[in-house]
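Single-structure report; data block below.
The values are calculated or read from the model by the stated rules, or taken from the named source; none is laboratory data. Since the model is a prediction, treat every value here as computed from it, not as a measurement. Here the Cβ is made from the backbone with ideal geometry for all residues, glycine too, and neighbour counts use every protein chain on show. Ligands, DNA and RNA are excluded from the accessible area calculation, which covers all protein heavy atoms including side chains. Shrake-Rupley method; radii C 1.70, N 1.55, O 1.52, S 1.80 Å.
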Amino acid sequence: MTTARRLIARLRDLHAKGAAPLSEIVRLVAAEMVAEVCSIYVQRPGDILELAATEGLNPLAVGRTRLRVGEGIVGLCAATAAVMNLPDAQNHPAFAYRPETGEEPFASMVAVPVRRSGRILGVLVVQNRAPRHYVEGEVEELETVAMLLAEALPAAGATDGAPEGLAATVPRVFSGTTLMGGIAVGPVVLHGTHPLGVKLLADDPAAELVRLHEAAERMQRGLDELIAGVPQAGRGVDAAASREVLEAYRLVATDAGWLRRVSDAVRSGLTAEAAVQRVAGELHGHMRRIGDAYLRERLADMEDLAGRLLNTLIGGSPRPEIPPGAILLARRLGPAELLDWHAGGIAGVAIEEASPAGHAAILARALGIPSIGGTRGMLDTAESGDEAVIDADDGQLVLRPEAEVRQAYVRALETRNAQNAGWAALRERPATTADGVPLKLMLNVGLNLELEQLDRTRADGIGLFRTEIAMLARGSIADIAEQAANYARVLDAAGDRPVLFRTLDLGADKLLPGTATEEENPAMGWRSLRIGLDRPALLRRQLRALLLAAAGRPLSVMFPMVATVGEFRAAKGLLEAEARRVRPSPERLSIGTMLEVPALMWQLPDLLKEADFISVGSNDLMQFMFAVDRGTPSLYGRYDVLSQPMLDLLEQLVVAGRAANVPISLCGEAASRPLEAMVLAGIGFTSLSMPAGGLLPVKALLAEVDLSAFRPVLTAIRRGTRDAASLRDPIVTWARERGLPV
Ligand code: PEP
Ligand code: MG
C-alpha cells in the first residue's frame, strides 16, 4: 500500500471514531511522512495564525506562537494560498524566528494552506532536520490532509471566533478594477463554494473511478448542449462569437491531462468529489503564480470545468436558483459559468481574480453585466445572502452597506435606468452639439458578440475593430478563410456604416499560447505591428483576409503601435501589394494608422502625406506620454487626459490633420466619458470611437453643450492653469454651473 493510501486509510479510521483531535492528526501525519515535525496553525480573528497542534515542536508553544497573515513562511502560505516547499526554510527572506518553538534544528519545511470555500482556515506544516525538497507526491498527500482538516477544524471548534463570525455585520468596501461599468444592488450569491458534507474518503476506489468517468461524460454532454443552445439563446452574430469563446473552452474540456490527475487522486483513496476538489485546489495554487495571461486563462477554464464536474457528481443543477437581482461573488469565473449565472438572472459580478482580458470579462462586457475584478479578500468575509452593492464604474464592492449607502445606490440605479430610457429616445437623433456641430460617434468592437450594439446605440460605425480579440478567444490565429468570413460578418452587420479594422495588436498583455517572450517591459516590447513587420507572412494573411471580406465594398485598415513613418510605409506597402492580387478590389481602400506612440507627433508632415486617416489610441498614448503602465491599478487616476500636455498634443494633431485634409479620430476609453468627450469636441475632434456603454451618455451630454461658448472657456482654463496636472476641476465647475449632467 502506498504511503498516501495508508495515510488516508488511517485518517479514515480516525474519522470514523468521530472528530479526530488535531493532536492525533499531526502525530499520524508525522509518522506516515517520516517527518520530525508536523504542526497545524489555525486562523484567529485579526488575521492571526496560531499554533494549534504540533508533533515535534515544543508543546508549550501551542496556543502561544502566533504569526500575522503574511508574516513568516506560515503567514506567507496563508496570504498567498500557495504551497511553500523549502529545503532551507530558515534562510528564506520571509522566515520569522519564534524561539519558543524550538525549531532551530529543522532545515526543510513544507507549508500547505487549509482552505474551505475560498477561505484560508489555517496552515499545515511539515518539517525535517535534513535539507530536502518534498516531492510532488508528498505535497499532494499533505493537500489531502489539508482537505480533511478543512472539514475537521470548524467541527472541532478550532476556528471559533474566526473573522467571519465577527465580520458578519460590519460593512466592508473592496476595491478592484472595472470589467464592465454599471451599478447593481442585491443579495450576494457565492460562486463555487464547495458543497458541505462531501465525503472525502472512498470505500471502493474502483467503483469511484467508474462514477468519475460517468460524471465526466455527462458533463461533456451537458457542455455540448450548452454550446449548441447558444444560437437559440442569442441572436445572429451575437451567438456566433460567444460560441467562439465556448469552443475554445470545450477544447480544454476534452483535454485528458487534468482528468487523469483527478483519476490518480481517486486511486489514492479519495472520493471522486474530493479528488476533483483537490485538483481544483492545486490548479488554483498554480494560477496565482503564473504571470502569463493566456496560461492563466486556460487554467481558469480548467478550474471552471472542475466546478462543473463536481456539480455533476453531486447531481446538482448546473443552473442554480438565485434571488432576483443577485450579485455574484467568485474567486474565479469561467465563461460557461458566467453564461449559467446570466441565464439565472444575476445583476452584477465581482471576481477576486479576473483579468480584464479574461474570458469572463469579455463575456461580461458583451452581456452588459456590471462587473469588477481584483477584489481580493472579499470571499473571506462575504456570506451568501449578505446585501451588497457593486459600483463597477468606480471599481468598488460594498459588502453589507449601511442602510443610507444602500439607499443612495438604489436611487442612483433608478436615476440611471430613467436616464437609459431617456437615452433610448436619443438613439434616433444624429449626434450634434446644442449649437449644431455634427459629430460622428462610433463603436469600439472586439467580438462579433458586440455587433448588435451597433443597432442598439445607432452608432455611426465601428471606429475600432480590434481583430486580435477573436484570436485570443479562440487561442490561435484563424486561417485566411475563417478570418475573411469573420470580417465579412462584421461588414455585413455594419451595412453602410464605416468600419475601421485594426490589424492584430498582439503582445504585451494580449498573448497567444507559446508566444510569451522574456521581456522586461512587454508593453514597449515586441508587440503589435512590430511582430507584423518581423513576421510579414502573418500580417499579409490577415490583410488578404480583410480584402477578401470586403469583396468590392469599401475597406479601411489601420495599424497599431506605429512609431515611425517608415513602419507605416512598410505596412502600407504590404497591404497595397496584397490589394493588387485580390479580386474584386475594394470599392475604396483607406489606409490609416493609430497614433499611440508620441514620436509620431514629430513626423506628422510626412505621416499626413501618406496616411488616409489617423485614429488616436489614447489608452496607449497616455501610457507612453506619462510613462504610466496602463495595467497598474495603483496608478489609475494619477495622470489625466484632461491635462495641458495631452490637450496640447491632441489639438496640434487635429489642427495639422485639418490642414492636410486627413480625418483624425480618437478611439481610446477616454472618448466614452462624457466630460472628456466634451473637451475633445472642444479642441476640434469630430469623430470619437468608444465602448458601447459610453455612446448614449456622450451623445446626451454633447446635445446640451454649446461648443462655441465652451471653446473660449476651455482655452482660458488651459492657458490659466499651466502647472496643474489635471484641468478637470475647473471644467467640471463650468459644466455644473450650466446644469450639464457631468
Ligand atoms: C488604445 O491604445 O487607446 C487603443 C484603442 O488600443 P488598445 O486599447 O486596444 O490598446
Ligand atoms: Mg493601443
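Which condition does Leu305 not pass, out of (1) open to solvent by 10 Å² or more (accessible area, probe 1.4 Å); (2) at pLDDT below 85, if it passes all the others?
(1)
Considering every residue within segment 695-702, establish whether at least one is within 16 Å of ligand 1 (Cβ to nearest atom) and not β-branched (Val, Ile, Thr).
Checked against the condition, which is being within 16 Å of ligand 1 (Cβ to nearest atom) and not β-branched (Val, Ile, Thr), segment 695-702 yields at least one hit.
Residues of segment 507-523 being open to solvent by 60 Å² or more (accessible area, probe 1.4 Å) and either within 13 Å of ligand 1 (Cβ to nearest atom) or more than 26 Å from Asp629 (Cα to Cα) (or both), which ones?
Within segment 507-523, just Asp509 meets the criteria.
Can you tell me how many residues within segment 466-488 are within 16 Å of ligand 2 (Cβ to nearest atom), touching a residue at least 40 places away in the same chain (Cβ under 8 Å) and not in a helix (DSSP H, G or I)?
Residues flagged as within 16 Å of ligand 2 (Cβ to nearest atom), touching a residue at least 40 places away in the same chain (Cβ under 8 Å) and not in a helix (DSSP H, G or I) within segment 466-488 amount to 1.
Which pairs do you get when a residue that is without any contact (Cβ under 8 Å) to a residue 12 or more places away in the chain, found in segment 433-448, comes within reach of a residue that is basic (Lys, Arg), reach meaning Cβ atoms under 9 angstrom, with the pair 6+ apart or on two chains?
Nothing qualifies.
Can you tell me which residue is most open to solvent (accessible area, probe 1.4 Å) among those in segment 672-712 that are closer than 25 Å to Arg365 by Cα and among the basic types (Lys, Arg)?
Checked segment 672-712; the qualifying residue most open to solvent (accessible area, probe 1.4 Å) is Arg673.
Kindly indicate which of Thr517, Thr503, Thr433, Thr457 is over 17 Å from Leu539 (Cα atoms), assigned by TED's automatic domain parsing to the domain that holds Phe685 and either within 16 Å of ligand 2 (Cβ to nearest atom) or at pLDDT 95 or above (or both). Lay out the reasoning, then the answer.
Working: Thr517 fails: either within 16 Å of ligand 2 (Cβ to nearest atom) or at pLDDT 95 or above (or both); Thr503 fails: over 17 Å from Leu539 (Cα atoms); Thr457 fails: either within 16 Å of ligand 2 (Cβ to nearest atom) or at pLDDT 95 or above (or both).
Selected residue: Thr433, the only one of Thr517, Thr503, Thr433, Thr457 that is over 17 Å from Leu539 (Cα atoms), assigned by TED's automatic domain parsing to the domain that holds Phe685 and either within 16 Å of ligand 2 (Cβ to nearest atom) or at pLDDT 95 or above (or both).
Quick check: anything in segment 545-557 open to solvent by 30 Å² or more (accessible area, probe 1.4 Å) and within 16 Å of ligand 2 (Cβ to nearest atom)?
No - not one qualifying residue is present in segment 545-557.
Report those helices (runs of 4 or more DSSP H) wholly inside segment 559-671 carrying at least 3 residues which are open to solvent by 50 Å² or more (accessible area, probe 1.4 Å) and of a type outside the set (A, V, I, L, M).
Those helices (runs of 4 or more DSSP H) span 565-581, 604-610, 644-660.
Only residues that are open to solvent by less than 30 Å² (accessible area, probe 1.4 Å) and modelled with pLDDT under 55: list them for segment 195-237, please.
Hits for segment 195-237 are Val230, Gly234.
When you go through Leu504, Leu491 one by one, which is the residue that is open to solvent by 10 Å² or more (accessible area, probe 1.4 Å), in a loop (DSSP other than H, G, I, E, B) and touching a residue at least 24 places away in the same chain (Cβ under 8 Å)?
Numbers: Leu491 fails: in a loop (DSSP other than H, G, I, E, B).
Only one candidate qualifies: Leu504.
Among Leu675, Leu649, which is touching a residue at least 12 places away in the same chain (Cβ under 8 Å), within 30 Å of Asn448 (Cα to Cα) and not acidic (Asp, Glu)?
Sole residue among the options that is touching a residue at least 12 places away in the same chain (Cβ under 8 Å), within 30 Å of Asn448 (Cα to Cα) and not acidic (Asp, Glu): Leu675.
Specify which of the listed residues (Ser590, Ser615, Ser643, Ser585) is of a type in the set (S, T, N, Q) and within 16 Å of ligand 2 (Cβ to nearest atom).
Details: Ser590 fails: within 16 Å of ligand 2 (Cβ to nearest atom); Ser643 fails: within 16 Å of ligand 2 (Cβ to nearest atom); Ser585 fails: within 16 Å of ligand 2 (Cβ to nearest atom).
Testing whether each residue is of a type in the set (S, T, N, Q) and within 16 Å of ligand 2 (Cβ to nearest atom) leaves just Ser615.
Conditions (1) modelled with pLDDT of 80 or more; (2) over 20 Å from Val185 (Cα atoms); (3) open to solvent by less than 30 Å² (accessible area, probe 1.4 Å), marked per residue:
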{"residue": "Gly285", "(1), (2), (3)": "no, yes, yes"}
{"residue": "Ile290", "(1), (2), (3)": "no, yes, no"}
{"residue": "Arg319", "(1), (2), (3)": "no, yes, no"}
{"residue": "Leu338", "(1), (2), (3)": "yes, no, yes"}
{"residue": "His342", "(1), (2), (3)": "yes, no, no"}
{"residue": "Ile372", "(1), (2), (3)": "yes, no, yes"}
{"residue": "Arg376", "(1), (2), (3)": "yes, no, no"}
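Does segment 569-582 hold any residues that are under 35 Å from the mean Cα position of the chain (by Cα), among the hydrophobic types (A, V, I, L, M, F, W, C) and away from ligand 2 (no atom under 16 Å from the Cβ), and which are they?
Ala570, Leu574, Leu575, listed by residue number.
Please verify whether Glu136 is farther than 30 Å from Arg267 by Cβ, out of contact with any strand residue (DSSP E or B) (no Cβ under 8 Å at 6 or more places or on another chain) and open to solvent by 10 Å² or more (accessible area, probe 1.4 Å), treating the condition exactly as stated.
Values: farther than 30 Å from Arg267 by Cβ: no; out of contact with any strand residue (DSSP E or B) (no Cβ under 8 Å at 6 or more places or on another chain): yes; open to solvent by 10 Å² or more (accessible area, probe 1.4 Å): yes.
Spelling it out, it is not the case that Glu136 is farther than 30 Å from Arg267 by Cβ, out of contact with any strand residue (DSSP E or B) (no Cβ under 8 Å at 6 or more places or on another chain) and open to solvent by 10 Å² or more (accessible area, probe 1.4 Å).
On the phi < 0 side of the Ramachandran plot and either without any contact (Cβ under 8 Å) to a residue 40 or more places away in the chain or of a type outside the set (Gly, Ala, Ser) (or both), is that true of Arg411? Full working, then the answer.
Details: on the phi < 0 side of the Ramachandran plot: yes; either without any contact (Cβ under 8 Å) to a residue 40 or more places away in the chain or of a type outside the set (Gly, Ala, Ser) (or both): yes.
Taking the combined requirement at face value, the residue satisfies it.
Looking at Val189, Val145, Val173, which one is over 22 Å from Val126 (Cα atoms), at pLDDT 75 or above and surrounded by 21 or more Cβ atoms within 10 Å (Cβ to Cβ)? It would help to see each step written out before you state the result.
Numbers: Val145 fails: over 22 Å from Val126 (Cα atoms); Val173 fails: surrounded by 21 or more Cβ atoms within 10 Å (Cβ to Cβ).
Going through Val189, Val145, Val173 in turn, just one is over 22 Å from Val126 (Cα atoms), at pLDDT 75 or above and surrounded by 21 or more Cβ atoms within 10 Å (Cβ to Cβ): Val189.
Output the number of the condition that Gly463 fails; it satisfies all remaining conditions of (1) under 29 Å from the mean Cα position of the chain (by Cα); (2) in contact (Cβ under 8 Å) with a residue 40 or more places away in the chain; (3) more than 16 Å from ligand 2 (Cβ to nearest atom).
Result: Gly463 passes all but (3).
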